[in-house]
Structure formats: C-alpha cells, structure tokens
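Trainee: Before I ask anything, here is the structure I am working with.
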Amino acid sequence: MLPYLKKTEEQVNTYIAGVTVDMVKGSLRKEHRDFQDLLNLISPVAKQAIGEMRSIAAAYRKMHFGKTVRLYTPLYISNKCINSCAYCDFNIKNKSERKTLTLEEIIAEAKAIKALGIDSLLLVAGEDPKSMPIEFLEQVVKEMKKYFSYLSIEIFPLSTEGYKRLFDAGVDGLTLYQETYNQKLYEELHPSGPKRDYLSRIDAISRGGKAGIRTLGIGFLLGLYDWRTESASLAAHAIWLRKHFWKSKVQFSFPRLTPVSTGFQALQPVSEEELEQMMLAFRIVFPESDMTISTRESAEFRDNIVMSCAGNISAESKVTPGGYADSEDKDVGQFMLNDTRSTKQIKEDLKAIGFETVSKYWDKVI
Amino acid sequence: MKALKIADTEFKSRLFLGTGKFSSREAMKNALIASETELVTVALTRVDFDNKEDDILSAIDTSKVKIMLNTSGARDAEEAIRIAEFGRAAGNNWIKLEIHPDPTYLLPDPIETLKAAEILVKKGFIVLPYINADPVLAKRLEDVGVHTVMPLGAPIGSNQGLQTEAMLRIIIEQSNIPVIVDAGIGLPSHAAAAIELGADAVLVNTAIAAADDPVLMAKAFAMAVRSAEMGIQAGPASASLTASSTSPQNTFNDLF
C-alpha cells in the first residue's frame, strides 16, 4: 500500500470484501464522494451495478469534457536503460541494440508526428542519465515546444531543481507510474538500478508538483499486483497530491501489461471488464480528473471507454526511438500495442459515436 | 430594460455563449446560430492559427458574432496578460479574463484577477473578468476600469444554477457596469432567473454543448432569456406573502 496511509492493506482488503450491494448503491446516489466510495465502487459486488456506474460516469465525463477527446502521441527518445524492470523490454538485461536519438533525429520524429495532425506530445525515455543529462533534456524540451502546444514527459525521476528546469523550458505535464504500490513486490521486480528505491519513486511526483508542473500523471502497471488494493493506493495518492499541489491536476492512466519479448507474464492479470470497472470508479469519485487510455488497449475498448471515462487518448503510437521518421520498426520497443489505427481512422471512428477529436487544447503562450 | 452596452458595443441578445465541449464544429456553429448570440468566448488554447482545418474560429460567423478570447489555462496574472497580448496581436481586443489556478473546481483567483485586470485596462483592452460572486471584488474591479464583471452562479461546468444568489443580488445592486452571470447555469430557467434577478446577460456553455440536442437547447436558452427580459419590461406585479384575489372585493364595491 501507499505508505503513510492510516489503514493497512489487510484492513482495506477486508473492507472491500465486505462491501454490500446497498453500500455500492449508496455511493452511487451520493453527490459528493470520497475514498470510501471508491472502495465501494471497485468492490467485487459493484459489478452488479456496472450499468448504473457507466451512465453516472458518462454524465460526469460529458459535464467536464463535453463531447471532445484530446489526442496525444508518445515520442520515444531513448531505449537505453540502466534499470532491470522485469516487465519491460528496455530492461538492462535485454541485450538488444539500444540508442538515444540525437537532437536532429528527435526533430525529425517531431515533424513526422506533427504531420499526423498531433499537437500534444509525450516524451518518453528509459533511465540513462549518462546519455541524457539535464542540459540535453532541456534543449529537447525547448525544441519540442516549437512544434507542440502541450508537452509531457515520462522519463526517469529528477530532482525538484531538474523538474523546475524542464518546467521553465516548457514542460506542461509529468507522468510517473509507481508500477506497483506494494513495496515488497516493487523491490522484487526492480532488483537493480536507481529505480529500486521505492520511497524515492513515490516522492518523485511530488517533486514535479513542487516544481509547478501542471499535470501530474500517476498510475500503476495493471497485472503486477491485486488491482483493487493498487486502486486504493492510487486513489489515496491522488487525494494527497491534490491537497498538496492545488494548482496541479492529477491525471490517471491505466496501463495494462501487454506481452513483452522477454516473455514476462502478468502476475495478477486484469480483465477488460475489471479495467472498465476501475476506470468507472475513478471517473465517478474524481469526476474532473484527466484520464488517459493508451494504444495498449484494443480499438473497440478505447472507443467504448471514451464515452464513459477517458478524455485523453494516444494515437498512432510507436514505442521505439525513431519509429515515426523511419517507418521500418526494427528496434526494441517497450511493449506490444493493440490499437494500431491511424489518427485519421481514430478521428472518423470517434466522430461516428458523437465525439470530436481535439488536437490543440493548449497554447505555447501560457 | 436598459439596452446592454459593453464598452461601445450594443448587444440585442443577452445570451453569450462559450464554444468548448461541442461534438463537432458543425454542432457548435448550428448552436450559435440557434442561440442568436452576438458574443462568444473562445479559449486561446483551442485556437490554432497554423492549422485551419482544426481551427475553431473558422466555424464562427464574425459578421454576426463578436469573439472574445479567454485566458483559460492561465494560473496567474502574468500568464493571462501574455495570452491577452497574443490575442490582440491576432486582432482580438476583447478579453475574458479568467485565472483559475485550481484545476479541480476551476475557481477564479481574485488576487491575480485584480492584478491582471488593472494592467490590461491600462493597456487598452476591453476586459471582462470572470470572478467568484464577491461583491467587494466586483467593486474593486469596477474601480480599476473593467468593462463588466462576470460572477459565477456555481462552479464552472457544474450546471447547478444560481447557488450564489444572495451575493449576486448585492453585486447587481451595487454595480455601475454590466453584470454577466457566468458559469453554473445549467437550465434555461436558471438563465431566466439570472435576468430576473437583474443581471444584464448570462454566459452559457456546458449546458448547451453537452445537451443531447445542442441546437434545441440553444433555442430554449434564447427563449428563456427573452421571456425573462419581456417579463421585466412588462412590469411584474409585486409578490406578496398573502394571497390576493384576482377580482378583489373593492372592485365589486365600486359597482354597487
């Protein structure tokens, strides 16, 4: 569980197991909901109220985001990594060719992504501070802001000072998944490298908050540990972040493990039904929060979840450095993708269900 | 009712619209037409000067509708001023000043708003600040020369109606500049209530954009605002706590 919580994991799990249908209905009828309501809505019995959850979530989604969906695309600038995350193909033990793109190569990628009609970029990199000093990142951010209105980063943790430098250079959002909130499992899955330090990882996102970054993206990797316990931690983490960084918004992502080349298997797989229940619960309890859904999920699931939960979706993702400018995907990717539709196709499919895709929803001027 | 004039522009319609959250540009365009609005607000964050295909401005008929950019996204005065300057460079001198650092309820920051308003007025902008329903702040803004005040009825996008009614009453009573109730208006009846309360206009977005039929809802709002206006012009009989017969006794007394 997230440290510093008053409740133990056992207490939380016992509570969730004891939730009744009436408690779920009570949570759904309320106007203002809290942590306990989230526990009610992720409970096994809440499945019986899934239809009602869907319509309440959809109403909130519409109220806060209207009938629009924001598009973003990830740009992998490096697959070099000194960590050994068991579930990731960038794992140092995976002896495939690695590379860090040069600034010129990154610009070529940016141009290719921009040509797809995308205006929001997520910069992704493995952890390799040697090939990516802060000065280089700063330069990349400044350069990317020439092309994209909105820029997020999903890179290795930095100091508050490091985040501040990137924020000043133009970073709007920071995504940093805890992977698992279970400390014991976390240490098993991250046997070596700087990422091994569980508490430092927890703390990193608040350093981003201190630096003033507008969007703080959190999540856990679905499939590592019991999703209900993890959801309780995620919700508590979000509440804590909101209270301490009132000028930043919390963004939830729900990355579900997809196969990796090293053959790592999900330890506690999460089904599509469970993923939907989890997202609905978060939408209902955090009605105004940002929620993303990546191309790890199928086209069908993504289109459905846009109607009730997700306001931000990725499009045409390539998970290899250099994957956009160079159409031949020969390098090591981070994981497998399920939705490979073109941006144009995504736009058409979403239009058919009554949603407008929005590329530009931010401005460089701000 | 006194004609509605902001800066030097007179408005026949007291219904202003926001342009976010629509399912398509066509839907927005048709709703704007149905609402008969003459003033809409557009977030600079949604304006794309480089990509005409994605540009929200191209769907607005500027011969009928005035555009005021808004500073949504700004967390402080400095950012808001930057947005306003950028908008003016692109030809928009009207600015809806909204500074909401809190992303949860999007409540406006009174201190930064006052700071920015003072500077923007000096720079020659037509400034319409979005504020909490705070009567003292409304007067402070009037003192620095803003052109309207836009107090909220309820948190933006919440469709809760005039939750701040008691404070709105005081703002309206004290104001020498137009008062536009902005945010929280969820139903045509809320808009009518705001006009009946004495507001000069209302600004509506989510209630129309997120409706199942935005065009029909836009029409409904237009009619509600018109009917409230007509009601005021008609001179309503005063309300009383006791019942009074529609054919009072003394009428009959006169007959005999």
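Every number here is computed from the coordinates shown, using simple stated rules; none is lab data. Just so we're clear, the structure is a prediction, and the values are computed from it rather than from any experiment. We place every Cβ from the backbone using ideal geometry, glycine too, and count neighbours over all the protein chains shown.
Trainee: Taking N as the number of residues in region B:38-143, what value does Rg over Cα atoms divided by 2.2 N^0.38 Å take?
Mentor: Ratio of Cα Rg to 2.2 N^0.38 Å: 1.07.
Trainee: Between B:LYS64 and B:MET223, how many nm apart are label points set 7 Å from Cα along the C-beta direction?
Mentor: Between B:LYS64 and B:MET223, the simple spin-label model gives 1.9 nm.
Trainee: Go ahead and run the numbers for FRET between A:ASN338 and B:ASN30, Cβ-Cβ distance against an R0 of 41 Å, rounding to 0.05.
Mentor: E(calc), rounded to 0.05, equals 0.70.
Trainee: If you fit an axis through the alpha-carbon atoms of helix B:77-89 and take the longest principal axis of the Cα set of chain B, what angle between them do you get, 0 to 90°, nearest 10?
Mentor: Long axis of B:77-89 versus the principal axis of chain B: about 80 degrees.
Trainee: Direction-averaged shadow area of the convex hull around the Cα atoms of region B:127-213, nm²?
Mentor: 5.0 nm²
Trainee: I need the Debye-formula profile for region A:158-246: one equal scatterer per C-alpha, no solvent, reported as log10 I(q)/I(0) at q = 0.11, 0.16 1/Å, two decimals.
Mentor: -0.31, -0.65
Trainee: Once you put a point 7 Å from the Cα of A:ALA115 and another 7 Å from the Cα of A:GLU273, both along the Cβ direction, what distance in nm separates them?
Mentor: Roughly 4.5 nm, to one decimal.
Trainee: Any idea how far apart B:GLN233 and A:GLN345 come out in nm if each label point goes 7 Å out from Cα toward Cβ?
Mentor: 5.7 nm
Trainee: Short version: ³J(HN,Hα) in whole Hz for each residue of region A:107-121, in order, from phi by Karplus 6.51 cos²θ - 1.76 cosθ + 1.60 (θ = phi - 60°), x for Gly and Pro, what are they?
Mentor: Once rounded to whole Hz, the list reads 5, 4, 5, 4, 5, 5, 5, 4, 5, 7, x, 9, 10, 10, 10.
Trainee: If you don't mind, another one. Counting only residues 5 or more places away or on other chains, whose amide H sits under 5 Å from the amide H of A:ASP290 once H atoms are built in the peptide plane?
Mentor: When sequence neighbours closer than 5 places are left aside, the close amide H contacts are A:VAL250, A:PHE252.
Trainee: Angle between the Cα long axis of helix A:299-308 and the longest principal axis of chain A, 0 to 90 degrees, nearest 10?
Mentor: Taking Cα atoms only, the helix is inclined about 60 degrees.
Trainee: Between region A:38-81 and region A:269-330, how many Å separate their Cα centres?
Mentor: Spelled out, the Cα-based centre of one part sits 9 Å from the other.
Trainee: Separate question: Calculate, in nm to one decimal, what B:ILE170 and B:LYS5 gain on full extension: separation in residues at 0.36 nm each, minus their alpha carbon distance.
Mentor: Gain in length upon complete extension: 57.3 nm.
Trainee: Expressed as cubic angstrom per residue, what is the convex hull volume of the alpha carbon set of the protein assembly as shown?
Mentor: 170 Å³
Trainee: On average, how many beta carbons from a partner chain sit within 10 Å of the beta carbon of a residue in B:75-84?
Mentor: The per-residue average across the peptide is 2.
Trainee: Kindly provide log₁₀ I(q)/I(0) values, in the same order as q = 0.17 Å⁻¹, from the Debye equation applied to equal alpha-carbon scatterers of chain B.
Mentor: -1.34
Trainee: Now for a different question. Calculate, in whole percent, how much of the Cα-Cα pair population of region A:106-145 lies beyond 16 Å.
Mentor: Counting every Cα pair in region A:106-145, those more than 16 Å apart make up 38 percent.
Trainee: Between A:LYS99 and B:ASP102, how high is the FRET efficiency from 1/(1 + (r/R0)^6) when r is the Cβ-Cβ distance and R₀ = 41 Å? Nearest 0.05.
Mentor: Efficiency, rounded to the nearest 0.05: 0.45.
Trainee: Now for a separate question. Report the extension gain between A:HIS32 and A:ILE134 in nm, rounded to one decimal, defined as 0.36 nm multiplied by the number of residues separating them, less their alpha carbon distance.
Mentor: Result for the pair: 32.5 nm of gain on full extension.
Trainee: What is the mean projected area of the alpha carbon convex hull for region B:163-225, to one decimal in square nanometres?
Mentor: Across all orientations, region B:163-225 yields a mean hull projection of 4.0 nm².
Trainee: Give me the Kirkwood hydrodynamic radius of chain A in Å, from all C-alpha pairs, to one decimal place?
Mentor: After inverting the mean inverse Cα-Cα distance, the result is 20.8 Å.
Trainee: Roughly how many whole Å is it from the C-alpha centroid of region A:169-183 to that of region B:85-160?
Mentor: Measuring centre to centre over Cα atoms gives 33 Å.
Trainee: Taking the number of other C-beta atoms within 10 Å as the exposure measure, put A:VAL24, B:VAL144 in order starting with the fewest.
Mentor: Ranking A:VAL24, B:VAL144 by Cβ neighbours within 10 Å, fewest first, gives B:VAL144, A:VAL24.
Trainee: Only counting other Cβ atoms within 10 Å, I'd like A:GLU31, B:GLU142 sorted with the fewest neighbours first.
Mentor: Lowest to highest Cβ neighbour count: A:GLU31, B:GLU142.
Trainee: In degrees from 0 to 90, rounded to the nearest 10, what is the angle of the helix B:214-233 Cα long axis to the longest principal axis of chain B?
Mentor: 50 degrees
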